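Undergrad: What follows is a structure written as structure tokens; I'll ask about it next.
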Amino acid sequence: MSTTRPYPPGDRGHEPSGASGVSGSSQEDAPAGAAMAAATGAAASSAPPSRTDAGAVEPPRGRQVRRLGLEGASGVVPLARDFTRQALYDWGWLPAAGADQRAAAEDVLLVVSELVTNACLHAEGPDELALACDNKVIRLEVTDRGTGQPAPRTPHRAGRPGGHGMFIVQRLCLDWGVVRAQGRPGKTVWAELGAPA
């Protein structure tokens with residue numbers, strides 16, 4: 001698992017799951033939030049899930065993207081969780097059909113909470129939350145104006161209060177990192193989690 005990257009996540013080589021889908025380094029000049037669009041190769045879609053003949057909800061096919069502006073908002077952590085929970089319902093992760101799907105959805109909500117909380121505590125607050133989902137991976141991005149570099153606290157001491165956020169992200173995610181835009185303050189902290197089997 002990585003802790004930081006000075007380059008876009010798609011430049012890390014071949015990824016059989018198509019986790020990030022980025023293939024160029026022009027992303028550094030993209031405006032905030034455009035990293036997600038470039039990474040997903042698709043525009044935001046809010047098409048509702050279709051229903052099968054049996055009445056079951058079928059999740060939308062292909063890459064789905066959602067964005068939530070958080071700049072200047074109050075109560076951003078619950079706002080981000082509610083936004084993410086609604087996306088998980090729309091994408092068929094919720095309601096959970098089994099324990100694995102429920103655990104995967106809870107992991108996504110926990111990682112969103114940790115990333116947004118870190119932006120509040122260490123980076124002057126989050127500007128935007130972006131979510132992208134395909135059939136295999138969900139990607140979370142939190143953009144902020146902070147100059148700090150997130151990293152798990154080392155050594156990690158489970159019994160002490162505080163300092164667990166990035167450790168949790170590292171443990172739950174397939175990968176995570178930081179992308180900085182040239183010529184602008186701030187960064188985008190991203191994390192990717194696998195879809196339930």
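Undergrad: Might you check whether a residue that is β-branched (V, I, T), closer than 19 Å to V179 by Cα and modelled with pLDDT of 95 or more occurs anywhere in the stretch 105-113? Full working, then the answer.
TA: Just the residues of the stretch 105-113 that are β-branched (V, I, T), to begin with: 108, 111-112.
Of the ones still in play, those that are also closer than 19 Å to V179 by Cα are 111-112.
Subsequent filtering for residues that are modelled with pLDDT of 95 or more retains 111-112.
Yes, there is a match, as at least one residue in the stretch 105-113 is β-branched (V, I, T), closer than 19 Å to V179 by Cα and modelled with pLDDT of 95 or more.
Undergrad: Quick check, is N135 within 24 Å of F167 (Cα to Cα), open to solvent by 30 Å² or more (accessible area, probe 1.4 Å), touching a Pro at 6+ places or on another chain (Cβ under 9 Å) and not aromatic (F, W, Y)?
TA: no
Undergrad: Step by step: first the residues of the stretch 93-128, then only those that are in contact (Cβ under 8 Å) with a residue 12 or more places away in the chain, part of a helix (DSSP H, G or I) and within 17 Å of A197 (Cβ to Cβ), then the one that is most open to solvent (accessible area, probe 1.4 Å). Which residue is that?
TA: Selected residue: D100.
Undergrad: Check off (1) in contact with a Pro (Cβ under 7 Å, 6 or more places away or on another chain); (2) of a type in the set (F, W, Y); (3) surrounded by fewer than 20 Cβ atoms within 10 Å (Cβ to Cβ) for Y89 and give me the number that stays unchecked.
TA: If we test Y89 against (1) in contact with a Pro (Cβ under 7 Å, 6 or more places away or on another chain); (2) of a type in the set (F, W, Y); (3) surrounded by fewer than 20 Cβ atoms within 10 Å (Cβ to Cβ), just (1) comes out false.
Undergrad: Same structure again: Does the stretch 67-77 include one or more residues that are modelled with pLDDT of 95 or more, in a helix (DSSP H, G or I), closer than 23 Å to V179 by Cβ and open to solvent by 50 Å² or more (accessible area, probe 1.4 Å)?
TA: The answer is no; no qualifying residue exists.
The values are calculated or read from the model by the stated rules, or taken from the named source; none is laboratory data. Since the structure is predicted, the reported quantities are computational estimates derived from the model, not experimental observations. Note that each Cβ is placed from the backbone with ideal geometry, even for glycine, and that neighbours are counted across all protein chains shown. We work out accessible area using only protein heavy atoms, side chains counted, and drop any ligands, DNA or RNA first. Shrake-Rupley method; radii C 1.70, N 1.55, O 1.52, S 1.80 Å.
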